[in-house]
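Novice: Below you'll find the structure I mean.
The values are calculated or read from the model by the stated rules, or taken from the named source; none is laboratory data. In this text the structure is predicted, and so the values were computed from the model without any measurement. Note that we place each Cβ from the backbone using ideal geometry, even for glycine, and neighbour counts take in every protein chain shown.
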Amino acid sequence: MANLILLNKPFQVLSQFTDDGDRTTLKHFISDKGYYPAGRLDYDSEGLLILTDDGQAQHQLANPAFKLEKTYWAQVEGELDQQALDKLIKGVELKDGLTKPARARIIPEPNIWDRTPPIRERKNKPTSWLELKIKEGKNRQVRRMTAAVGFPTLRLVRYAIGNWTVDNLAVGEHKRETVQLERTAKPRNNHNNKRTDDKSKFSRKRTEEGKFSRRTVNNTNKSRIKK
């Protein structure tokens, strides 16, 4: 069993427990020992960050090779159009290569928490909200993708990782879950004769609606920033 902590990370919080400066870190919200982020969420981004005490779970959640889809809500400058969406869906050429096909759509402004501090809006310059689903993990990928199609990101929220979401989590709050890991052997690749390592996949029963079922082991915990 792997233990998970699902945190709704606030804006301007590092996805780590220490900092050489005086920036806010995860230790201001998570007091449990032995938990580490499964992947990262930029300092200036908000939303879902998963931590775990299991090394294999951390690897599977963070590694793009396992193709775990991540859902982002981005508030961008300007009025999004279908041409920009088509480019995001097909792939955008960045300095480190072409992004893989994504799922993108324009959405109404989501009913979420206010950001502190709020974004800087320009007078007479409208903004739009975009939902973008990707399976990659390039550095600051969503921001670079929207900028590449002419719509700079003003606010970025990660809504979901796989089937885990920030639903019912206020900003700064977290909750716990457990998942069962099933060990399966990866077939040997005879072409390059590399050593085969056992991989783990999340084993979760599907409900009638087709979603994965997971066991929540305790109620949501409210965290306050320590001063």
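Novice: Out of (1) surrounded by fewer than 16 Cβ atoms within 10 Å (Cβ to Cβ); (2) modelled with pLDDT under 95, what's the single condition that is false for Arg105?
Specialist: Exception for Arg105: condition (2).
Novice: Looking only at the range 164-181, count how many residues are part of a strand (DSSP E or B) and closer than 17 Å to Tyr72 by Cα.
Specialist: Total meeting the criteria: 2.
Novice: Gly150 - would you say it is at pLDDT below 95 and outside the structural domain of Phe11 (by TED's automatic domain parsing)?
Specialist: no
Novice: Does Thr165 satisfy the condition of being at pLDDT below 90 and either closer than 30 Å to Val92 by Cβ or more than 19 Å from the chain's Cα centre (by Cα) (or both)?
Specialist: no
Novice: Just give me the residues in the range 96-121 being basic (Lys, Arg) and within 16 Å of Leu80 (Cα to Cα), in sequence order.
Specialist: Residues satisfying the conditions are Arg103, Arg105.
Novice: Looking only at the range 16-56, count how many residues are on the phi < 0 side of the Ramachandran plot and either under 14 Å from the mean Cα position of the chain (by Cα) or among the β-branched types (Val, Ile, Thr) (or both).
Specialist: Selection size over the range 16-56: 18.
Novice: Can you tell me which residue within the range 57-83, out of those that are over 19 Å from the mean Cα position of the chain (by Cα), surrounded by fewer than 21 Cβ atoms within 10 Å (Cβ to Cβ) and not small (Gly, Ala, Ser), is farthest from Val166 (Cα to Cα)?
Specialist: By that ranking, first place goes to Gln83.
Novice: Of the residues Asp86, Asp54, Asp44, which single one is assigned by TED's automatic domain parsing to the domain that holds Glu177, surrounded by fewer than 22 Cβ atoms within 10 Å (Cβ to Cβ) and farther than 20 Å from Pro118 by Cα?
Specialist: Asp54
Novice: Could you say which residue among Ile134, Ile119, Ile161 is of a type in the set (A, V, I, L, M, F, W, C) and free of Cβ contacts under 8 Å to residues at least 60 places away in the same chain?
Specialist: Matching residue, one of Ile134, Ile119, Ile161: Ile119.
Novice: Of the residues in the range 132-170, how many are surrounded by fewer than 19 Cβ atoms within 10 Å (Cβ to Cβ), among the basic types (Lys, Arg) and farther than 16 Å from Ile112 by Cβ?
Specialist: Qualifying residue count for the region: 5.
Novice: Select from the range 3-35 the residues that are closer than 19 Å to His59 by Cα, surrounded by 17 or more Cβ atoms within 10 Å (Cβ to Cβ) and either aromatic (Phe, Trp, Tyr) or in contact with a helix residue (DSSP H, G or I) (Cβ under 9 Å, 6 or more places away or on another chain) (or both) and list them in ascending order.
Specialist: Hits for the range 3-35 are Asn3, Leu4, Leu7, Ser15, Tyr35.
Novice: Next question, about the same structure. Can you say whether Ala84 is in contact with a Lys or Arg (Cβ under 9 Å, 6 or more places away or on another chain) and in contact (Cβ under 8 Å) with a residue 40 or more places away in the chain, as far as the supplied structure shows?
Specialist: no
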